[in-house]
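See below for the structure under consideration.
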Amino acid sequence: MNKNQLRNKYRDLRETLSSEEVEKRSLKIANQLLELPVWELSFYHIFLSIKEKKEVDTEAILHVLQGKDKNVVLSKADFKTGSLTNYLLTDNTKINVNSWGIPEPEGGIEIKPEQIEVVFVPLLAFDQKGSRVGYGKGFYDRFLSHCSIDVIKIGLSLFEVEEEISDVTKNDVPLDYCVTPEKIYNFKNL
Ligand SMILES: Nc1nc2c(c(=O)[nH]1)N(C=O)[C@@H](CNc1ccc(C(=O)N[C@@H](CCC(=O)O)C(=O)O)cc1)CN2
Ligand SMILES: Nc1ncnc2c1ncn2[C@@H]1O[C@H](COP(=O)(O)OP(=O)(O)OP(=O)(O)O)[C@@H](O)[C@H]1O
């Protein structure tokens with residue numbers, strides 16, 4: 001299927017989940033993440049979930065990161081330029097929900113993409129090669145293209161893998177891992 005078909009399919013599939021089911025699956029994802037060999041690093045980027053869209057709830061992951069004393073990096077989206085600006089999460093960080101329903105930091109200590117070592121990536125669908133589909137504005141592809149080549153990209157998905165995204169382009173940055181409630185997909189060395 002192509003990206004647009006997959007967007008429609010997974011938007012509909014998300015709608016079928018109750019919020020309890022989203023919570024249950026999100027907790028399973030958070031638990032599975034503990035098995036990945038990615039916990040010796042320092043700077044971790046995480047997205048804060050858009051509640052109305054039934055995204056993976058990242059709150060438990062945020063608690064894991066804080067429990068491990070990691071530097072947590074949150075982003076603020078600029079819809080005019082399609083870019084993300086990253087800020088360190090501190091005790092003083094004010095979080096506001098923007099007009100798209102995304103909880104975002106007001107500002108603070110800016111972190112450059114090259115400093116980030118692990119990125120948890122939101123998505124609607126992913127395939128067996130680690131390609132992904134998001135909401136279609138290219139925010140994450142642009143952001144990841146500015147990160148270090150060693151950055152570890154971990155997709156989080158409430159649903160299992162698709163066979164193939166047929167219209168992948170050179171701008172699409174593939175995932176290293178994708179974690180679902182049931183499985184860890186490893187795309188490194190594919
Ligand atoms: N939690 C979270 N934060 C994120 C992302 C994400 O996917 N999840 N993004 C990942 O790139 C960026 C924001 N991307 C977005 C891109 C498009 C729309 C958007 O067009 N929304 C429309 C309809 C689209 C739809 O429902 O699919 C709308 O709300 O009307 C929203 C966010 C940055 N922050
Ligand atoms: N590195 C980049 N530089 C410039 N434009 C880009 C880049 N990456 C993607 N784009 C553009 O962004 C648009 C959307 O890309 P795509 O459909 O892959 O988004 P997506 O991966 O679904 O969304 P997101 O990354 O926001 O979750 C495309 O028109 C694409 O050309």
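Any read-out appearing in this document is the output of simple, stated calculations on the displayed coordinates, not a laboratory observation. Given the structure is predicted, the values throughout are model-derived calculations rather than measurements. So basically every Cβ, Gly included, is an ideal-geometry build from the backbone, and we count neighbours across all protein chains shown.
At-a-glance table
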{"quantity": "Extension gain from Lys28 to Thr16, taking 0.36 nm per residue of separation minus the Cα-Cα distance", "calculated": "2.5 nm"}
{"quantity": "Neighbour net charge for Tyr140 - beta-carbon separation under 10 angstrom, K R +1, D E -1", "calculated": "+2"}
{"quantity": "Local net charge near Lys76, Cβ-Cβ under 11 Å (Lys/Arg +1, Asp/Glu -1)", "calculated": "-4"}
{"quantity": "Gained length - Tyr135 relative to Gln66, 0.36 nm times residue gap less alpha-carbon distance", "calculated": "22.0 nm"}
{"quantity": "Stretchable slack from Asn189 to Ile50, in nm (0.36 nm times residue separation minus alpha-carbon distance)", "calculated": "46.8 nm"}
{"quantity": "Sequence of Thr90, Thr85 once ranked by neighbouring C-beta atoms within 10 Å, starting from the fewest", "calculated": "Thr90, Thr85"}
{"quantity": "Cross-link pairs beyond the 22 Å C-alpha cut-off, checked among Lys53/Lys129; Lys70/Lys112; Lys28/Lys153; Lys9/Lys54; Lys53/Lys188; Lys70/Lys137", "calculated": "Lys53/Lys129; Lys53/Lys188; Lys70/Lys137"}
{"quantity": "Fraction of beta bridges assigned by DSSP in the chain that are antiparallel (%, nearest 5)", "calculated": "55"}
{"quantity": "Residues Glu59, Glu35, Glu162, Glu40, sorted so that the one with the fewest Cβ neighbours within 10 Å comes first", "calculated": "Glu40, Glu35, Glu59, Glu162"}
{"quantity": "Inter-site label distance for Ile109 and Gln5 at 7 Å from Cα along Cβ, in nm", "calculated": "4.8"}
{"quantity": "Candidates per GluC sites (Glu not before Pro) in region 62-148, loop by DSSP, up to 14 other Cβ within 10 Å", "calculated": "Glu106"}
